[in-house]
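Please treat every number below as a calculation from the coordinates, not as lab data. Small disclaimer: the values here were computed from a predicted structure and weren't measured. Here the Cβ is made from the backbone with ideal geometry for all residues, glycine too, and neighbour counts use every protein chain on show.
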Amino acid sequence: MIEKDFVPKPYTNTVESGTVSWASPSNIALVKYWGKKAHQIPENTSISFTLNHCKTETKISFKKKAATNDFSFDVFLEGEKEDDFKPKIETFFKRIETYLPFLKHYYFKIETSNTFPHSSGIASSASGMSALALCLLSIEKQLGADLSEENFTKKASFLARLGSGSACRSLEGPIVVWGAHYEIKGSSNLYGVTYTGAVHESFKNYRDTILLIDKGEKQVSSTVGHNLMYNHPFAQERFKQAETNITALKHILEQGDLDEFIALVEREALTLHAMMMTSMPYFILMKPNTLEVIHKIWEYRKATNSKVCFTLDAGANVHMLYPDSEAQNVLKFIETELAGYCQNKHYINDSVGLGASAL
Ligand code: PMV
């Protein structure tokens, strides 16, 4: 599908008011997206695990109004009016208006909450933009838009992408690819697709424990971060490496080679941070405790032959990925040796999950 396929035909129904609600998961990338072209087109293919428990739940109550030149909406986070979110949503509405031409004809009350603690340092933009896109699309469906189930998900992912790139991987599960890759059938730069290649038994119900090293505000916004890849001296090599890593990961997922998985995932995480450390301006997003934890994980792996590994987002928190069969031991290790490095000893246990659901 191409952009114009997401522009709807004239609506057939009149709807005065209503409510819609969706829950969308967070995701953690194995091969990272970092760098984009105009219109939120990624510079390289990325692939992620969808999470089971870290979700954003969003309800939209909508009411018809006279069409004006402005969008009309209010946002509430955990029940509190949150005007700080408005500019981001306004930008999102502007970007998607061509694809949802009813937006200026309604007032929207957007009520949103996260299942993970607010200001935990976990990015909620992926799950948040996904849930918002799904709610808006449910409204469009009520207006009579002709969308099959498959196209509904594609369009929701397409819209979510225009809110926050990685959000387009936060609809389905357990593994999602975004970005056209010659070895992934159906993959697209415009939306995420469920990974349909063979996945070894070892990856079933894979665990992710998120160590909250630093719950503070993001030091560098994603927008600023992606822009740092323009004219970055290593950018082109990095984009090529990501494409090669997708091919490598495809074989790893099929064969269940966990040592190869560890090497690829940890290198991807460190490459993302290396890009930020070598851009202009440059940033170090890890904290001392991020490094302490990484070294502890490496020591633990050496001592026990465990297959636990780490990955990082654009921040200081550490995601620990490990097979379900190791859960008991790894959780004991976390509690006794790693919790102390987390802010208020706080960490979140999650696992790979299936995707968004209507509420
Ligand atoms: O979706 P954005 O624009 O916030 O970018 C996030 C990119 C990373 O989370 C750092 C990596 C990824 O692929 O999720």
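When Thr112 is tested against (1) among the polar types (S, T, N, Q); (2) in a helix (DSSP H, G or I); (3) away from the ligand (no atom under 16 Å from the Cβ); (4) surrounded by 19 or more Cβ atoms within 10 Å (Cβ to Cβ), only condition (2) is not met.
If only one of Gly197, Gly186 is away from the ligand (no atom under 14 Å from the Cβ), over 30 Å from Gln219 (Cα atoms), touching a helix residue (DSSP H, G or I) at 6+ places or on another chain (Cβ under 6 Å) and in a loop (DSSP other than H, G, I, E, B), which one is it? Can you show your working first?
On the way: Gly186 fails: touching a helix residue (DSSP H, G or I) at 6+ places or on another chain (Cβ under 6 Å).
Result of the check over Gly197, Gly186: Gly197.
Just wondering, is there one or more residues in the stretch 136-144 that are surrounded by fewer than 18 Cβ atoms within 10 Å (Cβ to Cβ), assigned to a helix (DSSP H, G or I) and away from the ligand (no atom under 16 Å from the Cβ)? Yes, the conditions are met somewhere in the stretch 136-144.
With respect to (1) within 16 Å of the ligand (Cβ to nearest atom); (2) surrounded by 21 or more Cβ atoms within 10 Å (Cβ to Cβ), the lone exception for Thr271 is condition (2).
Just give me the residues in the stretch 155-176 being within 9 Å of the ligand (Cβ to nearest atom) and under 10 Å from the mean Cα position of the chain (by Cα), in sequence order. Listed by number, the residues that qualify are Arg161, Ser164, Gly165, Ser166, Ala167, Cys168, Arg169. Quickly run through the stretch 55-114 and pick out the residues that are touching a Phe, Trp or Tyr at 6+ places or on another chain (Cβ under 8 Å) and among the hydrophobic types (A, V, I, L, M, F, W, C). Selection gives Ile60, Phe62, Phe71, Phe73, Val75, Leu77, Ile89, Phe93, Phe102, Leu103, Phe108, Ile110.
Would you confirm whether any residue within the stretch 334-343 is surrounded by 16 or more Cβ atoms within 10 Å (Cβ to Cβ), of a type in the set (Val, Ile, Thr) and within 20 Å of Arg267 (Cβ to Cβ)?
Narrowing the stretch 334-343 to residues surrounded by 16 or more Cβ atoms within 10 Å (Cβ to Cβ): 334, 338, 341-343.
Applying the additional criterion that residues be of a type in the set (Val, Ile, Thr) yields 334.
Filter once more, so that each one left must be within 20 Å of Arg267 (Cβ to Cβ): none.
There is no residue in the stretch 334-343 that is surrounded by 16 or more Cβ atoms within 10 Å (Cβ to Cβ), of a type in the set (Val, Ile, Thr) and within 20 Å of Arg267 (Cβ to Cβ).
Where helices (runs of 4 or more DSSP H) fall entirely within the stretch 205-291, those with at least 3 residues that are in contact with a His (Cβ under 9 Å, 6 or more places away or on another chain) and in contact (Cβ under 8 Å) with a residue 12 or more places away in the chain are at 235-255, 258-277. Does Met276 satisfy being loosely packed, with under 13 Cβ neighbours inside 10 Å and either touching a Leu at 6+ places or on another chain (Cβ under 9 Å) or over 20 Å from Tyr347 (Cα atoms) (or both)? No, not satisfied. In this structure, Ile89 does not qualify as closer than 30 Å to Lys240 by Cβ, in contact (Cβ under 8 Å) with a residue 40 or more places away in the chain and of a type in the set (Val, Ile, Thr).
When the stretch 1-58 is examined, which residues are found to be β-branched (Val, Ile, Thr) and under 11 Å from the mean Cα position of the chain (by Cα)? Even if it seems obvious, please write down each step before you answer.
Here is the first cut: in the stretch 1-58, the ones β-branched (Val, Ile, Thr) are 2, 7, 12, 14-15, 19-20, 28, 31, 41, 45, 47, 50, 56, 58.
Across the stretch 1-58, the qualifying residues are Ile28, Ile47, Thr50.
Restricting attention to the stretch 205-234, the residues being within 17 Å of Ile47 (Cβ to Cβ) and away from the ligand (no atom under 16 Å from the Cβ) number 1.
Considering every residue within the stretch 254-267, establish whether at least one is of a type in the set (Phe, Trp, Tyr) and either within 15 Å of the ligand (Cβ to nearest atom) or loosely packed, with under 15 Cβ neighbours inside 10 Å (or both). There is no residue in the stretch 254-267 that is of a type in the set (Phe, Trp, Tyr) and either within 15 Å of the ligand (Cβ to nearest atom) or loosely packed, with under 15 Cβ neighbours inside 10 Å (or both). Would you check which residues across the stretch 205-242 are among the acidic types (Asp, Glu) and buried (at least 16 other Cβ atoms within 10 Å of the Cβ) and list them? Matches in the stretch 205-242: Asp208, Asp214. For the stretch 167-183, the tally of residues that are part of a loop (DSSP other than H, G, I, E, B) and touching a residue at least 24 places away in the same chain (Cβ under 8 Å) stands at 8.
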